[in-house]
Amino acid sequence: MDDLTLTDSNVASQGNGCIRLIPLGELPARFCEMLAQEVELVEEFRPSKVLDAVLLLPGANAEQAIAEMARTGNLLAALLDLTGGNHPRADHAGQATLDSLARGLEMAVRIRTAIGRLAPIPANDDAGGLTAIALALTRDRSIEPRLNSTVADFVSYPLLAGLKDQRSLLEGLAGAKLLKRRFFERLHVCGECQSARAVPREVCPQCGSSDLSEDTLVHHYKCGYQAPKSTFVTNDRLACPKCDRQLRHYGVDYDTPGSVRVCQTCSAISAEPEISFLCIDCSAMTRGIDVRTRDWFCYDLTPLAETAAAEGRLPGTGVEGLLNGLPGWRTPRDLALMIDLAHRIGVRYGRPYAVLEIDLSATESGVAALGEVGIAKLQRVMVDVISETVRDSDFLATFDRKILLFLPETSHENCHFLLNRLRARVTKTLGDRAQISARIVPEAEIPILVQQISK
């Protein structure tokens, strides 16, 4: 087999329609013609370079390749394993043959097409969850675990290789109804370090030693003495240690009702040994009655997950999700009833109230140049200021990408305090380019607002 090193002479770019692929390992000369026709070869991983496929050839290190895919934001790229090793993350695996390469490239095209139907993954806190969903969605498969002795959890999710805190990530998505759980396995975990690499052992209930031996239990009928057989043996004969009588006939002089465990460390005798778990990682011992278990699941996508992937955001993680944990959170309809009542009382008795409207769409478009990270920071700042400022008697809701703050017994003049504080915090965090699109709703517009949000 002739091998070539990638050089400018054998890199052929075929435009945007070609698969962007990085080959790792020894590139066979016979592959070059097919690759030149079908793909745009990339020489190295770069954060700014979106890849469609990573090709593992003999000599390639799959784990290093996955680490680079994670570092450069290319975890969705197809992983084609032609090393013969069949890596569990591989989307296609086989030998380094032209036929296997062709089938791998076909798989890469299908995955790229599926990725193209999804919204781009933002560089914010949603990235991990959306990546997990996109991996399952573009491969049309569930997120399946497998036992893996190389990790402390003893379980890993091959499809999510490169993503950190896989269990926490998946459980968060399942809690948000984006994934549906199916039971896989229940494992015992170390009481000290929480590793699942804990070995069960039979130990002495007195001293915890695992140096136990099994002995037959002998019951002497005449005097009722009962003890391990080893204490009855004297000069190859059985004699009762209590009364010194010789035991000659089984069933007449004695019987053996069972067996016991004898500790070779402290000589304690027990009918049943205790179960203890020895952690391979930290050497701690956890008693069986104290050991905790951890359940692991397979995960299937729900329609909510497909919606999240199409929209490029997880439900409950934007401003709406951050705000709905505040005590004053209400549904738009409930808030409309409260505002309507305050308006009627204000008209009749002159009691003050204010409604502050923050237009999220206009605000976020104004800081679009800051990117997804900037928008995420903006949302967090707004939520922080609102949560610090609103009183127990204040209420809020979101409607049509707007935050509505209802402030009873608050004049418009005092409402300006909150608005100015919000603008100052945003400017301090994101700079002068970030401006809040917000206003105090005029009293004349309140009936129209109530009508809109009560529908």
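List of remarks:
- Charge dipole of the chain about the Cα centre (unit charges at C-beta), most positive-ward option of Ala424, Cys18, Ile143: Ala424
- Positive-end ranking of Ala308, Leu326, Ser230 along the dipole of the chain, with charges on Cβ about the Cα centre, is headed by Leu326.
- Answer label for semi-axes √(5λ) of the Cα gyration tensor in Å (calculated), chosen among (1) 62, 42, 17; (2) 44, 26, 20; (3) 33, 28, 21: (1)
- The angle separating the long axis of helix 62-71 from the principal Cα axis of greatest extent in the chain is about 30 degrees.
- Residues with amide H under 5 Å from that of Ser259, placed H, sequence gap 5 or more: Leu217
- Summed over qualifying helices (DSSP H, 4 residues or more, each -39500 (n - 2.57)) and divided by its residue number, the chain shows a 222 nm mean residue ellipticity of -10000 deg cm²/dmol.
- Cross-link partners for Lys402 among the aspartates and glutamates, with Cα-Cα distance under 13 Å and sequence neighbours closer than 8 places in the same chain left out: Glu320, Glu357, Asp359, Glu364.
- Over the range 154-303, relative contact order from alpha-carbon pairs under 8 Å, at least 6 apart, %: 35
- Rounded tilt (10° steps) of 371-389 against the dominant C-alpha axis of the chain: 90
- Taking Lys and Arg as +1 and Asp and Glu as -1, the other residues whose beta-carbon sits under 14 Å from that of Leu341 total +2.
- Seen from Asp236, the other residues with C-beta closer than 15 Å to its C-beta sum to a net charge of +3, counting Lys and Arg as +1 and Asp and Glu as -1.
- Ordering of 105-113, 437-445, 74-82 by burial proxy (mean other Cβ atoms within 10 Å per residue, highest first): 74-82, 105-113, 437-445
- For the chain, the longest principal axis of the Cα atoms and the long axis of helix 412-430 meet at an angle of about 60 degrees.
- Each DSSP beta bridge with both residues in the chain is either parallel or antiparallel, and the antiparallel ones are about 80%.
- For peptides 267-275, 202-210, sequence by mean Cβ density within 10 Å, most packed first: 202-210, 267-275
Each value in this text was obtained by applying a stated rule to the coordinates, not by laboratory testing. Remember, it's a predicted structure, so these values are computed and weren't measured experimentally. In this analysis, Cβ positions are derived from the backbone assuming ideal geometry, glycine residues included, and neighbour counts consider all displayed protein chains.
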